[in-house]
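Undergrad: Following this message is one structure expressed as structure tokens.
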Amino acid sequence: MRLDVFTLVPHAFAWLTEQRPVATVLGGELDLRLFSYRETTPLRNGQVDDEPYGGGAGMVLRVDVVAAALDAAYGGAPPKRVVALTPKGRQLTQAVVEELAAAPAVALLSARFEGFDERVVEHLATDAVSIGPYVLSNGDLPAMVLVDAIARRLPGALAEGSGELESFSAELGGGLEYPHYTRPAEFRGWRVPDVLLSGDHAKIEGWRREQIR
Ligand SMILES: C[S@@+](CC[C@H](N)C(=O)[O-])C[C@H]1O[C@@H](n2cnc3c(N)ncnc32)[C@H](O)[C@@H]1O
């Protein structure tokens, strides 16, 4: 799939592109492109935001700036999913991630300060997504959260089997995964459940099923 991120700080995504699973699928199942609003702004001196009409604190990301960025990237034919990242959007869940990961192309729009001119959300975006009921300083961490969550759903991103039985997956009925343990078998008197050391695969499977919440 193609994931396009529109941001003021494309370089902030460098770290993410070096980490698995994003690095694993990059250039294969994932075509990740980063666009800077500043490079295509129709305004002078790289201006991208402006004072709010009606007064008040903060600056607002201009609709003409976002439109110019989308036009430069898509020439008037944007992807079917253009997601504005905003605390006012639909709350991100695994179901939303699956939905976006199934799309052939998704654009993610990040803002900062007071956020988008509302016309971006109303007319340029097709979706508005919030990563949780709290306010971050800009949409770049939310965009990274989505890039990571989407990338791990793409074919080949994870070692075989590790992506299917995860927390919130359909296979677990949307529930939480069973607990994991590794060596040592005992540490400070905290023992690994005996069943996991039993070598009895049927019992282990049964125990794990019981632990799913
Ligand atoms: C400081 S926030 C703007 C907050 C906005 N004035 C409000 O009260 O809802 C700046 C930008 O960060 C991003 N952002 C902040 N929190 C977010 C969240 N929980 N989910 C998605 N994006 C978020 C959005 O792009 C937002 O426009």
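Undergrad: Can you pull out the strands (runs of 3 or more DSSP E) entirely within segment 62-171 that have at least 3 residues that are open to solvent by less than 10 Å² (accessible area, probe 1.4 Å), within 16 Å of the ligand (Cβ to nearest atom) and not basic (Lys, Arg)?
TA: Working: elements: 81-91, 105-109, 127-130.
Filter on segment 62-171 gives 81-91, 105-109.
Undergrad: Run Glu210 past the list (1) closer than 30 Å to Pro79 by Cβ; (2) surrounded by fewer than 18 Cβ atoms within 10 Å (Cβ to Cβ) and report the number of the one that doesn't hold.
TA: (1)
Undergrad: Also, I was wondering about something else. Which residue pairs have Cβ atoms closer than 7 Å, lie 6 or more positions apart in sequence or on different chains, and pair a first residue in segment 128-145 that is among the charged types (D, E, K, R) with a second residue that is near the ligand (Cβ under 6 Å from one of its atoms)?
TA: Asp140/Ser110
Undergrad: Answer yes or no as to whether Gly174 is outside any helix (DSSP H, G or I) and either crowded, with 17+ Cβ neighbours inside 10 Å or touching a residue at least 60 places away in the same chain (Cβ under 8 Å) (or both). Don't jump to the end; show me each part of the working.
TA: Details: outside any helix (DSSP H, G or I): yes; either crowded, with 17+ Cβ neighbours inside 10 Å or touching a residue at least 60 places away in the same chain (Cβ under 8 Å) (or both): yes.
Criteria met by Gly174.
Undergrad: When you check Pro155 against the structure, is it at negative phi and at pLDDT below 95, yes or no? Let's see the steps before the verdict.
TA: Details: at negative phi: yes; at pLDDT below 95: yes.
Criteria met by Pro155.
Undergrad: I'm trying to understand the selection: among the residues of segment 1-57, which are of a type in the set (Val, Ile, Thr) and surrounded by 18 or more Cβ atoms within 10 Å (Cβ to Cβ)? First the steps, then the outcome.
TA: The initial filter retains those residues of segment 1-57 that are of a type in the set (Val, Ile, Thr), namely 5, 7, 9, 17, 22, 24-25, 40-41, 48.
Correct list: Val5, Thr7, Val22, Thr24, Val25, Thr40, Thr41, Val48.
Undergrad: Restricting segment 177-207 to residues that are aromatic (Phe, Trp, Tyr) and within 30 Å of Leu92 (Cβ to Cβ), which is least open to solvent (accessible area, probe 1.4 Å)? Steps first, please.
TA: Taking segment 177-207 and keeping what is aromatic (Phe, Trp, Tyr), we get 178, 181, 187, 190, 207.
When the remaining residues are screened for being within 30 Å of Leu92 (Cβ to Cβ), the result is 178, 181.
Numbers: Tyr178: 36, Tyr181: 117 Å².
Checked segment 177-207; the qualifying residue least open to solvent (accessible area, probe 1.4 Å) is Tyr178.
Undergrad: Check Gly132, Gly115 and return the single one that is over 25 Å from Tyr74 (Cβ atoms), at pLDDT 95 or above and of a type in the set (Gly, Ala, Ser). Break it down into steps so the answer makes sense when it comes.
TA: On the way: Gly115 fails: over 25 Å from Tyr74 (Cβ atoms).
Just one listed residue meets the conditions, Gly132.
Undergrad: Related question: Would segment 21-33 turn up any residue that is within 16 Å of the ligand (Cβ to nearest atom), touching a residue at least 12 places away in the same chain (Cβ under 8 Å) and of a type outside the set (S, T, N, Q)? Spell out how you get there, then give the answer.
TA: Pass one, segment 21-33, residues within 16 Å of the ligand (Cβ to nearest atom): none.
Scanning segment 21-33 turns up no residue that is within 16 Å of the ligand (Cβ to nearest atom), touching a residue at least 12 places away in the same chain (Cβ under 8 Å) and of a type outside the set (S, T, N, Q).
Undergrad: Next question, about the same structure. Filter segment 32-79 for residues that are more than 23 Å from the chain's Cα centre (by Cα) and of a type in the set (S, T, N, Q) and give the result.
TA: Thr40, Thr41, Asn45, Gln47
The values are calculated or read from the model by the stated rules, or taken from the named source; none is laboratory data. A quick note: this is a predicted structure, and the numbers were derived from the prediction, not measured. All Cβ positions, glycine included, derive from the backbone under ideal geometry; neighbour counts span all protein chains shown. The area values use the complete protein model at the heavy-atom level, side chains included, leaving out ligands, DNA and RNA. Shrake-Rupley method; radii C 1.70, N 1.55, O 1.52, S 1.80 Å.
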